[in-house]
């Protein structure tokens, strides 16, 4: 009699975790109208609607989004009523912020911050240049 024993082999695949990064545009954004759109994105593409996202200008809070909604309680007063996130884009990892009624005071280096991304904080910088606006009468 011949006995054949089959070994139950299990294979474990080591999958390295995806490394997410946050990117802004490679060139400064120039506001040529009264509104400006600041853009940053998470790559690879990731739905960021459940994460905490902040836009800051130096130490001023420009816009905060958390718990699937805007959280503007701590927003700097000079930005009150002037900022909007493109929520539909956030599903694809795009974090676009519209700032309305832009003035020279709004120029500077903005930081796009994504918290709770793989337990870390990831950020990118977006520079906003504000040109002289022409008004025709």
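Laboratory data are not the source of any read-out in this text; all were calculated from the coordinates shown. Owing to the predicted nature of the structure, the values given are computational and were not obtained by experimental measurement. Glycine also receives a Cβ, built like all others from the backbone with ideal geometry; neighbour counts cover every protein chain displayed.
List of remarks:
- For peptides 36-44, 120-128, sequence by mean Cβ density within 10 Å, most packed first: 36-44, 120-128
- FRET E, pair residue 32, residue 121, Förster distance 35 Å, beta-carbon r, rounded to 0.05: 0.65
- Bridges between two residues of the range 21-130, per DSSP, are antiparallel at a rate of about 90%.
- The residues 97, 117, when put in order of fewest to most other Cβ atoms within 10 Å, stand as 117, 97.
- Calculated P(r) tail over 21 Å for the range 28-124, as whole % of Cα pairs: 27
- Contact order, relative form, for the range 21-130: 36 percent (alpha carbon pairs under 8 Å, 6 or more residues apart, mean separation divided by residue count).
- Multiplying the residue separation of residue 84 and residue 100 by 0.36 nm and removing their Cα-Cα distance gives an extension gain of 4.9 nm.
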